[in-house]
There are 4 protein chains.
Amino acid sequence: MLSTAGRASTGGTVTPERPLRADARRNRARILAAAEEVFAERGASASTEEVAARAGVAIGTVFRHFPTKRDLLAAIMKELRGRLVGKADALAAEGDPATAFFDYFGYLVESSARIGTVVGLLAEEGTAIEPGAQITALTGAFGSLLDAARRAGAVRGDVRLDEVMALVTATTHGALAGGWSDDLRRRTLARILDALRPAGR
Amino acid sequence: MLSTAGRASTGGTVTPERPLRADARRNRARILAAAEEVFAERGASASTEEVAARAGVAIGTVFRHFPTKRDLLAAIMKELRGRLVGKADALAAEGDPATAFFDYFGYLVESSARIGTVVGLLAEEGTAIEPGAQITALTGAFGSLLDAARRAGAVRGDVRLDEVMALVTATTHGALAGGWSDDLRRRTLARILDALRPAGR
Amino acid sequence: MLSTAGRASTGGTVTPERPLRADARRNRARILAAAEEVFAERGASASTEEVAARAGVAIGTVFRHFPTKRDLLAAIMKELRGRLVGKADALAAEGDPATAFFDYFGYLVESSARIGTVVGLLAEEGTAIEPGAQITALTGAFGSLLDAARRAGAVRGDVRLDEVMALVTATTHGALAGGWSDDLRRRTLARILDALRPAGR
Amino acid sequence: MLSTAGRASTGGTVTPERPLRADARRNRARILAAAEEVFAERGASASTEEVAARAGVAIGTVFRHFPTKRDLLAAIMKELRGRLVGKADALAAEGDPATAFFDYFGYLVESSARIGTVVGLLAEEGTAIEPGAQITALTGAFGSLLDAARRAGAVRGDVRLDEVMALVTATTHGALAGGWSDDLRRRTLARILDALRPAGR
DNA sequence: CATGAATGAGGTTTCATTCAT
DNA sequence: CATGAATGAAACCTCATTCAT
């Protein structure tokens with residue numbers, strides 16, 4: 001569909017799931033990294049051309065890997081989700097159930113402050129960058145930590161998962177939009193987490 | 001060489017703030033209302049053309065009233081700020097100091113859910129829509145309510161104003177971005193406000 | 001045709017050649033003067049709005065007097081032409097035939113340097129501001145002076161009127177476009193006029 | 001966080017002046033040619049859209065090559081200046097010093113009659129299309145020819161370079177604005193050049 | 001596969017002109 | 001008659017996307 005010229009050796013077709021050539025995979029990674037940076041700095045309305053420049057590739061290369069800007073955003077989010085879920089698993093495996101939940105909450109907020117708009121985009125399922133399962137995985141990861149913390153008595157019994165997700169969303173968004181200082185972010189986060197702890201603390 | 005009388009660089013008038021003609025004021029209001037709606041629905045990147053269409057005026061009319069898109073956004077925020085501060089004053093005047101603070105917090109979150117991106121824009125001083133005093137007024141209004149509530153023992157003594165503002169920002173942003181249901185918003189808000197109440201509740 | 005309200009006293013019609021009311025005539029003059037200035041400063045692409053502002057009237061008033069920007073330009077030129085022809089007549093009547101021609105040439109160039117683009121517009125009959133007779137009158141005025149000077153032996157016998165007009169056009173345009181200093185303009189003008197004088201000088 | 005390599009703010013390239021691709025160079029040339037035509041016919045206020053149409057490209061292509069209309073005008077002038085200076089060099093190298101000066105003067109006027117407004121724009125340094133050196137080069141080229149002619153006794157000794165430039169400017173502008181016939185242009189030019197020749201002729 | 005030039009719809013803004021007040 | 005707000009057709013410019021090299 002792309003070129004019709006006879007590329008006998010490779011077949012001339014565009015098999016979707018062929019393992020990428022080494023340089024192509026390298027480019028893909030660089031583009032994703034650049035996009036994360038650029039969108040974090042300039043917001044999701046930054047131009048694709050700037051992403052290409054930052055990645056050190058030509059604009060065409062970006063569109064070969066991600067046929068649409070939306071695809072690029074979706075890929076960023078998928079990659080990010082993987083990272084975040086991985087962190088959750090690590091905390092679940094290694095750490096104290098009573099603190100893992102709070103640590104993870106804090107980690108998300110800190111991350112969002114670093115990687116910018118992207119965590120925000122993650123929640124913007126409303127504008128439907130990708131149907132559903134984006135935040136679902138994150139919710140799942142969070143759910144396990146929450147359950148464990150609740151069993152350990154570190155979290156109030158009546159706290160529900162959707163409230164937790166809402167509080168994460170709020171805090172990350174707020175941190176981004178508000179331009180909080182490190183100190184303010186810490187104090188604000190502490191207040192919110194306190195709201196989830198049992199009465200006597 | 002001829003007459004040097006009546007040289008005004010812009011409009012030939014002397015009084016800078018002439019009261020607008022009736023139809024002009026009507027249009028200005030319609031444009032503001034339309035803009036609030038459109039930006040709430042589509043985000044701040046919605047087109048001015050659409051604002052004009054929604055307001056039922058031609059594109060030129062929008063630009064006569066607001067020479068720049070930025071000016072339009074600034075005007076929306078100013079109007080909104082007025083409304084919000086007004087509500088704070090009303091609550092301070094009329095109500096129970098112990099509850100006014102919490103009522104106002106809730107009012108802001110509810111409002112943001114209704115009027116959309118705009119409260120968000122209010123906090124986006126980072127992109128510098130208008131120097132500083134945008135959120136300052138709101139902060140002032142909030143400060144009075146907070147003090148009163150603290151004196152009434154309804155708010156913990158160690159709660160600081162910047163934390164309150166941060167929590168408002170977070171909650172409104174979260175509510176907008178997260179697309180929370182009414183029920184979820186209520187519960188999430190309750191959790192956050194609980195974090196501000198004295199230990200014994 | 002304008003308002004249908006009962007203005008019994010004036011009749012409600014727009015008779016084209018009714019003597020203007022005093023204030024209307026005053027406005028017309030101020031607009032013309034302002035337009036001359038503005039177009040001289042900013043070129044013919046200056047906005048009508050600026051002309052109105054400079055004249056101290058509203059934009060509608062300009063268009064009531066001159067239904068089209070082109071009409072306004074034409075009126076300026078007509079007025080200017082009158083002034084210029086008047087000066088020619090004065091020189092013809094009063095002065096030394098041998099010098100009147102050269103004085104007039106110089107006067108036109110000086111004027112153009114003062115009143116700017118407008119004399120230029122006068123020649124832009126190519127872009128057809130008004131069919132023909134604009135420059136014709138000027139040519140006529142110039143013709144008389146030229147004939148007199150020729151008879152007085154102050155101008156070479158083979159100089160033809162169209163050449164003179166061409167030289168005026170060139171010099172005025174050049175003076176405008178080139179931004180010549182007073183000194184340069186004087187010397188350049190002297191060169192050109194020398195070309196019209198008899199060999200022995 | 002990822003790679004910091006290849007960060008170029010605009011294009012990701014290192015060599016600033018990469019030779020244009022064949023089709024790009026072709027388009028650039030076509031755009032310049034079209035622009036010269038269009039501006040000659042319609043004046044410098046002609047629309048960029050029309051230039052694009054005349055060149056047979058889309059509007060975006062024009063703006064890729066010339067990010068601003070001003071840039072396009074500047075490029076035209078630069079190209080033209082090159083052509084004109086080249087002609088001066090050719091005349092200086094090949095021809096009779098006594099006539100080269102006059103030939104060049106005539107060539108400039110003829111050219112301006114062909115290529116229209118552009119020579120005019122060249123002089124519009126007032127509107128500052130490009131700092132200074134536009135007309136400087138032309139002046140330099142003219143200066144050499146003038147000196148040579150003066151040494152050959154073909155030009156009066158007291159003629160100064162700025163007067164020559166002023167006369168060129170005037171003649172080209174006049175020719176453009178006045179819409180002179182070929183015959184009139186020739187006669188007018190002859191008058192002006194005569195003014196530069198020694199008395200006895 | 002990578003490149004980067006070309007495309008063209010759409011956005012903001014200006015301005016001559018009309019028309020309600 | 002004067003006023004000045006409304007109109008709407010361009011103008012300039014941007015940017016996601018396509019496609020020849």
Self-check item: Label spacing, shortest first and in nm, from residue A:152 to its equivalents in the remaining copies (7 angstrom along Cα→Cβ)
Solution: 3.9, 10.0, 11.2
Quiz item: Label residue A:63 and residue D:156 with points 7 Å out from Cα along Cα→Cβ: what is the distance between them in nm?
Solution: 6.5
Quiz item: What is segment A:19-67's relative contact order, in percent, from Cα pairs under 8 angstrom and six or more apart in sequence?
Solution: 36
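How would C:61, A:188, D:171 line up from fewest to most surrounding beta-carbon atoms within 10 angstrom?
Numbers: C:61 17, A:188 26, D:171 31.
Arranged by neighbour count, lowest to highest, C:61, A:188, D:171 become C:61, A:188, D:171.
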Self-check item: For residue A:180, residues with placed amide H under 5 Å, excluding near neighbours
Solution: none
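How crowded by other chains is A:157-169, given as the mean number of beta carbons from other chains within 10 Å of each beta carbon?
Numbers: counts 0, 2, 2, 4, 0, 7, 8, 2, 5, 13, 7, 2, 11.
Mean partner-chain Cβ count within 10 Å for A:157-169: 5.
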Quiz item: Which value in nm describes the separation of the simple spin-label points at residue C:181 and residue C:41, placed 7 Å from the Cα toward the beta carbon?
Solution: 2.6
Quiz prompt | Footprinting exposure proxy for B:45, A:144 (fewest neighbouring C-beta atoms within 10 Å first) | solution = B:45, A:144
Practice problem: Could you work out the local net charge near residue D:148, counting Lys and Arg as +1, Asp and Glu as -1, over the other residues with Cβ closer than 13 Å to its Cβ? | Solution: -3
Quiz item: Among D:40, D:22, D:52, which residue has its Cα positioned farthest towards the positive end of the charge dipole of segment D:21-67, with +1 placed on the Cβ of Lys and Arg, -1 on the Cβ of Asp and Glu, and the dipole taken about the Cα centre?
Solution: D:22
Exercise. Every other copy gets compared here: list the nm distances from the residue D:25 label point (7 Å along Cα to Cβ) to its counterparts, shortest first, one decimal.
Key: 4.0, 6.7, 7.0
Exercise. Please give the average number of partner chain Cβ atoms lying within 10 Å of the Cβ of each residue in A:181-192, rounded to a whole number.
Key: 4
Self-check item: At 7 Å out from Cα toward Cβ: residue C:45 inter-copy label distances (nm, ascending)
Solution: 0.7, 2.9, 3.3
Quiz item: Any idea how far apart residue C:74 and residue C:21 come out in nm if each label point goes 7 Å out from Cα toward Cβ?
Solution: 2.6
Practice problem: Taking H placed 1.01 Å from N in the peptide plane, check which residues at least 5 places from residue B:197 or on another chain put their amide H under 5 Å from its amide H. | Solution: B:156
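If you rank B:96, B:158 by fewest surrounding Cβ atoms within 10 Å, what's the result?
Numbers: B:96 14, B:158 9.
Arranged by neighbour count, lowest to highest, B:96, B:158 become B:158, B:96.
Bear in mind that the values in this text are calculations on the coordinates, not laboratory data. Everything quoted here is computed from the prediction, not taken from an experiment. Reconstructed Cβ throughout: ideal geometry from the backbone, glycine too, with neighbour counts over all protein chains shown.
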